[in-house]
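Worksheet for the structure shown next.
The values are calculated or read from the model by the stated rules, or taken from the named source; none is laboratory data. Computed from a predicted structure; not experimentally measured. We place every Cβ from the backbone using ideal geometry, glycine too, and count neighbours over all the protein chains shown.
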Amino acid sequence: MNITVLGSQGAIPKLGKYSSSLLLNISNSYILIDCCEGVQFQLRKNKIKLSKIDIILISHAHGDHYFGLIGLISTLSLIKRKNKLKVFCPTSVLKIIQAHIKFSKMSLNYELDLISLNSQNEKNIYENPSFTIKTFPLKHSVYTNGFRIEEKRKRRKLLLDKALQYKIDNVYFNKLTKSENVFNSEGKEISYLEVTNEGPKPKSFAYCSDTAYFKELVNYITDVDLLYCETTFLEKDRDKALRTFHSTTIDAAKLAKKGRVKQLLIGHFSSRYDDYSMFFNEVFSIFENVIISEEGKKVQV
Ligand SMILES: [Zn+2]
Ligand SMILES: [Zn+2]
């Protein structure tokens, strides 16, 4: 699992800097999380084929999180996408997309599956054999979701020498990695535990943008390998964060610490700041494993 940061900024993009967007690569799937203005340029700049995106998740109806969506939907048709595209978004964004398609008489040559998010609670919204996606409620000035994406447990790892020692035919190796017992060439049942090790630990990622801190938030992000949390403001501007339902550096750091997450990625910086070392220092004073968002940065999970 890895993340590419496409945009590091809050509501106002700057020269060379973009509003919020991340690309998650998980088990050969590409998930675009929020879709900022200019996202197509950022995807191309980072050498990601637009057609590779399978799923788009939109957190809320503020423009810095979806202004790139209509353009991307249109371009995907122009470049002759064939595969279905799933877009999970709040009902308000869904209506805007549908209205645009209607009034511009846009005809798409692929299936656009718009799925409305409207739950006020934690909810599973997608599952395939490799991973699951959950939404959870955030506290912002409009209806907003966070996302938690988790790999499923992978197959066990075969210990080849042992399997041969136990005289197991190689046609049964697949079954063993799926935690099934098999019979060896002498008709004796062999437990998969004898000849396999546990597979790699499944990885998880949670995304919180935009939100004020609230105490239940920790329940949704506990123990993830990587947490993205917005830090629109430094701590000295806490009054502005409270007024606009955003988080400060200290909010994000406390959340990461309470949630026992492994790494914290911060972003959605207000355009009033140019020096991000203060963001790093404030978070680092509470939670050391912090990474600053920067366009094009890749984070391995
Ligand atoms: Zn925002
Ligand atoms: Zn917002």
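Tabulated data
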read-out	value
Conditions (1) under 29 Å from residue 213 (Cα atoms); (2) away from ligand 2 (no atom under 16 Å from the Cβ); (3) in contact with a Pro (Cβ under 8 Å, 6 or more places away or on another chain); number of the one not met by residue 117	(2)
Hits in segment 9-26 (condition: farther than 22 Å from residue 145 by Cβ, away from ligand 1 (no atom under 12 Å from the Cβ) and touching a residue at least 24 places away in the same chain (Cβ under 8 Å))	14, 16, 17
Segment 181-191, residues that are touching a residue at least 12 places away in the same chain (Cβ under 8 Å) and surrounded by 12 or more Cβ atoms within 10 Å (Cβ to Cβ)	182, 184, 190
Residue, farthest from ligand 1 (Cβ to nearest atom), within segment 142-165, restricted to residues that are surrounded by 14 or more Cβ atoms within 10 Å (Cβ to Cβ) and over 30 Å from residue 193 (Cα atoms)	148
Residue within segment 250-262 that is modelled with pLDDT under 95, charged (D, E, K, R) and closer than 28 Å to residue 130 by Cα present	no
Positions within segment 156-194 being more than 30 Å from residue 262 (Cα to Cα) and assigned to a loop (DSSP other than H, G, I, E, B), in sequence order	166, 167, 168, 169, 180, 181, 184, 185, 186, 187, 188, 191
Among (1) within 15 Å of ligand 2 (Cβ to nearest atom); (2) modelled with pLDDT of 95 or more; (3) more than 18 Å from residue 142 (Cβ to Cβ), the one test that residue 65 misses	(3)
Residue list for segment 195-253, restricted to those being more than 16 Å from ligand 2 (Cβ to nearest atom), outside any helix (DSSP H, G or I) and more than 23 Å from residue 23 (Cα to Cα)	196, 197, 198, 199, 215, 216, 234
Residue identified as within 16 Å of ligand 2 (Cβ to nearest atom), at pLDDT 95 or above and aromatic (Phe, Trp, Tyr) among 110, 126, 143	143
The one condition in (1) touching a helix residue (DSSP H, G or I) at 6+ places or on another chain (Cβ under 8 Å); (2) more than 16 Å from residue 138 (Cβ to Cβ) that residue 277 fails to fulfil	(1)
Count of segment 193-227 residues which are of a type in the set (Phe, Trp, Tyr), buried (at least 18 other Cβ atoms within 10 Å of the Cβ) and more than 16 Å from ligand 1 (Cβ to nearest atom)	2
Matching residues in segment 264-283 - criterion: being surrounded by fewer than 20 Cβ atoms within 10 Å (Cβ to Cβ) and under 16 Å from residue 247 (Cβ atoms)	270, 272, 273, 276, 278, 280
Only one of 133, 101, 125 that is surrounded by 14 or more Cβ atoms within 10 Å (Cβ to Cβ) and in contact with an Asp or Glu (Cβ under 8 Å, 6 or more places away or on another chain)	133
